[in-house]
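S.K.: Let me give you the structure first, and then I'll get to my questions.
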Amino acid sequence: MTPILAAISLHSPWALALVALVPPALWIAGRRRRAAAHPLLPTVARMPRLARSARQRLMWMPPVLRAAALVLLAVAIARPREGLGHVQTSTDAVAVQVVIDRSGSMRYEMEIDGQLRSRLEVVKRVLKDFLTGNGRDLPGRASDLIGLVTFAKFAETACPLVRDPKAVSDLAQALEPAMQNIEDGTAIGDGLSLAAARLHTAEQEMKSRFDASDPDQVRIKSKIIILLTDGEQNAGEKLPDEAAAIAKDWGIRVYTIGIGAGAYAYETVRDPFFGERRVRVPSTVNEESLRSIAETTGGKYFRAQDGEALRAIYREIDQLEKTTVRTVEYTDYAEEFRPWALGAASLVLLEGVLSGLWLRRTA
């Protein structure tokens, strides 16, 4: 909950019209005082000017005190109050697990912005735009819960679900392709099932991580997995179809992206006769398997032949998976009429004491 500017307002501003009665009241009181002070003597013009006493000089006080009391009373009736505005935000967020293949084949090059970069580098660059925004067609996912799972021969959690897309993007930028013959492989099923398990416990993780008393509430609207791979299953314990069935049972939608599908990649090789040269590498993406995963879970399969195609895919996912943010503005009021009412009562009391004692009129 975010406080905004405090301000003084009047609940009943019409009451200030009572102030208009003050000038006539003072004028009438002045006329009465002058009439009462005029001696009815025929020889008044010849009488020497007499010095006025302190009591006579202060006879103006009772009507002025009554007028001031009326002004204060009018302000009190208008009910001045101090308002402190608050903004309360609730978010129906999308919980997103990004699952990135970092097998050795992700070293192969593909085009992005007119340059050739490794597939993994292209994936990381476009993912950053998707998560944090690029100032054009990708606004970022600032209100969502984002997690990151990677896989090669084994699957691992690179980042749990957090409301910090920049942190997830920074962790993704540090990813490197798997070392050959040590951790290389493509365990699509294991990566998908690990991401699904993370999303399945997302509500519990969120409650433990965020303060339950926080009025800026976050609710999970939907759970999705974005799976990016350039190969087919050749490692791991879970088969992709088994992992897809688990995700379906848990209400998780999976968007699968075939990196380099339907296109050639490029690899730099060292030839003992011709030296370093670049060779074309055919795609090994198992599109049938990725399409089956997407259809099973209610998601969609995409081909990403280059960096621009991958951006277009993220734009479509961004439109399909909208986050809803509701903002409610309200104001707390602190009543401030009491000092004005007490001031008016004090002036009336003082006027009564003076008029009844020292400044009492005898005629």
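S.K.: Given the criteria of a type in the set (A, V, I, L, M), open to solvent by 40 Å² or more (accessible area, probe 1.4 Å), in contact with a strand residue (DSSP E or B) (Cβ under 7 Å, 6 or more places away or on another chain) and assigned to a helix (DSSP H, G or I), does L131 qualify?
M.R.: Working: of a type in the set (A, V, I, L, M): yes; open to solvent by 40 Å² or more (accessible area, probe 1.4 Å): no; in contact with a strand residue (DSSP E or B) (Cβ under 7 Å, 6 or more places away or on another chain): yes; assigned to a helix (DSSP H, G or I): yes.
So L131 fails the test.
S.K.: Which number in (1) modelled with pLDDT under 85; (2) open to solvent by 50 Å² or more (accessible area, probe 1.4 Å); (3) in a helix (DSSP H, G or I) marks the one condition that D211 misses?
M.R.: Tallying (1) modelled with pLDDT under 85; (2) open to solvent by 50 Å² or more (accessible area, probe 1.4 Å); (3) in a helix (DSSP H, G or I), D211 fails exactly one: (3).
S.K.: Here is a follow-up. Can you tell me which condition I313 does not meet? The list is (1) at pLDDT 80 or above; (2) open to solvent by 30 Å² or more (accessible area, probe 1.4 Å); (3) in a helix (DSSP H, G or I), and all the others hold.
M.R.: Among (1) at pLDDT 80 or above; (2) open to solvent by 30 Å² or more (accessible area, probe 1.4 Å); (3) in a helix (DSSP H, G or I), I313 violates only (2).
S.K.: With open to solvent by 50 Å² or more (accessible area, probe 1.4 Å), charged (D, E, K, R) and modelled with pLDDT of 95 or more as the only criterion, which of E295, E276 stands out? Explain how you work it out, then say what you get.
M.R.: Working: E276 fails: modelled with pLDDT of 95 or more.
Just one listed residue meets the conditions, E295.
S.K.: Against the condition in contact with a helix residue (DSSP H, G or I) (Cβ under 9 Å, 6 or more places away or on another chain), part of a strand (DSSP E or B) and at pLDDT 65 or above, how does V22 come out, does it pass?
M.R.: Details: in contact with a helix residue (DSSP H, G or I) (Cβ under 9 Å, 6 or more places away or on another chain): yes; part of a strand (DSSP E or B): no; at pLDDT 65 or above: yes.
Taking the combined requirement at face value, the residue does not satisfy it.
S.K.: Considering only residues of region 154-178 that are part of a loop (DSSP other than H, G, I, E, B) and touching a residue at least 12 places away in the same chain (Cβ under 8 Å), which is surrounded by the most Cβ atoms within 10 Å (Cβ to Cβ)? It would help to see each step written out before you state the result.
M.R.: Kept after step one, since they are part of a loop (DSSP other than H, G, I, E, B), are these residues of region 154-178: 154, 163-164, 174-178.
Now restrict to residues that are touching a residue at least 12 places away in the same chain (Cβ under 8 Å): 154, 163-164, 175-178.
Details: F154: 16, R163: 18, D164: 13, L175: 18, E176: 10, P177: 20, A178: 24.
Of everything passing the filter in region 154-178, A178 is surrounded by the most Cβ atoms within 10 Å (Cβ to Cβ).
S.K.: While we're on this one: One residue is enough: does region 134-153 have a residue meeting the conditions within 21 Å of R107 (Cβ to Cβ) and open to solvent by 10 Å² or more (accessible area, probe 1.4 Å)?
M.R.: Yes, there is a match, as at least one residue in region 134-153 is within 21 Å of R107 (Cβ to Cβ) and open to solvent by 10 Å² or more (accessible area, probe 1.4 Å).
S.K.: Given the criterion at pLDDT 70 or above and open to solvent by 30 Å² or more (accessible area, probe 1.4 Å), identify the matching residue among L357, L349.
M.R.: Numbers: L357 fails: at pLDDT 70 or above.
When all the criteria are applied, what remains is L349.
The values are calculated or read from the model by the stated rules, or taken from the named source; none is laboratory data. Note that the structure is a prediction, hence the values are computed from the model and not measured. Cβ sites come from the backbone with ideal geometry, for glycine too, and all protein chains shown count toward neighbours. Heavy atoms of the whole protein, side chains included, go into the accessibility calculation; ligands, DNA and RNA do not. Shrake-Rupley method; radii C 1.70, N 1.55, O 1.52, S 1.80 Å.
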